[in-house]
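**Student:** I'd like to ask you about the structure that follows.
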Amino acid sequence: MAGLDAAACAFVDRQCTIALTMQPWSRVRGRVDGWILLADPALAAEREREAAGARTMIVAGFKDGHCDIWGRVGAADGLDLDQALGAIAKTLPTDTPLQHRRAAAVGVLARQALGHTELPRTAQIIVVSAIPPAWAM
């Protein structure tokens, strides 16, 4: 549900009607969100403020020497990250697919931020020990 008033709905409807005379729905659908933003900029700004509260970055699922990274970032940060990963990936050896090099580029960015210049030479072993709760003894 877009949450638009009647005038804003009419604007979006007009844009869709015009576009659908020349393009298939699958192509038009990708533009609807932009028309909604144009129809009610105040609502768009409110939604952006609300969405900012959902920003997160998670690094988890460590297994077989790899991990999962998932996040929600601001649009400008996402675009900048995408461009940075692409630029760094182009500098890495081309014997692997681009998506693999983009994944490696994340490490390059992280190491640069930490002041490191190379990959670690040895495997890191993390030992987690837990003291059992009193009821388990």
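The values are calculated or read from the model by the stated rules, or taken from the named source; none is laboratory data. For clarity, every value in this text was computed on a predicted model and none was experimentally measured. We place every Cβ from the backbone using ideal geometry, glycine too, and count neighbours over all the protein chains shown. Just so you know, the surface numbers come from the protein's heavy atoms only, side chains and all, with ligands and any DNA or RNA stripped out. Shrake-Rupley method; radii C 1.70, N 1.55, O 1.52, S 1.80 Å.
**Student:** Whole-Hz Karplus ³J(HN,Hα) for segment 16-30, in order, using 6.51 cos²θ - 1.76 cosθ + 1.60 and θ = phi - 60°, x for Gly and Pro?
**Tutor:** Going residue by residue, I get 5, 4, 5, 5, 5, 6, 10, 9, x, 4, 4, 7, 5, 3, x Hz, with x marking Gly and Pro.
**Student:** Report in % the part of the accessible area of segment 19-62 that belongs to carbon and sulfur, leaving out ligands and nucleic acids; probe 1.4 Å.
**Tutor:** Working: 1960 of 3380 Å².
The nonpolar share, carbon plus sulfur, comes to 58 percent.
**Student:** Measure off 7 Å from each Cα along the Cα-to-Cβ vector at VAL59 and LEU38, then give the distance between these two points in nanometres to one decimal.
**Tutor:** The two pseudo-label positions are separated by 4.1 nm.
**Student:** Taking a temperature of 10 °C and a viscosity of 1.306 mPa s, what whole-number D in µm²/s does Stokes-Einstein yield for segment 1-120 with Rh from Kirkwood over alpha carbon pairs?
**Tutor:** The Stokes-Einstein estimate is 88 µm²/s.
**Student:** With the crude spin-label approximation of a point 7 Å out along Cα→Cβ, what separation in nm comes out for THR91 versus ILE69?
**Tutor:** In this crude label model, THR91 to ILE69 measures out at 1.5 nm.
**Student:** Something else now. Mind giving me the nanometre distance, one decimal, between the label points for ASP80 and HIS100, set 7 Å out from Cα along Cα→Cβ?
**Tutor:** 3.1
**Student:** For SER26 and PHE11, calculate 0.36 nm times their separation in residues minus their Cα-Cα distance, and state this gained length in nm to one decimal. It would help to have the intermediate numbers written out before the result.
**Tutor:** Values: separation 15, 0.36 × 15 = 5.40 nm, distance 1.95 nm.
Result for the pair: 3.4 nm of gain on full extension.
**Student:** Counting only heavy atoms of protein chains, what accessible area per residue, in Å², does segment 1-110 have with a probe of 1.4 Å?
**Tutor:** With all protein chains present, segment 1-110 gives 74 Å² per residue.
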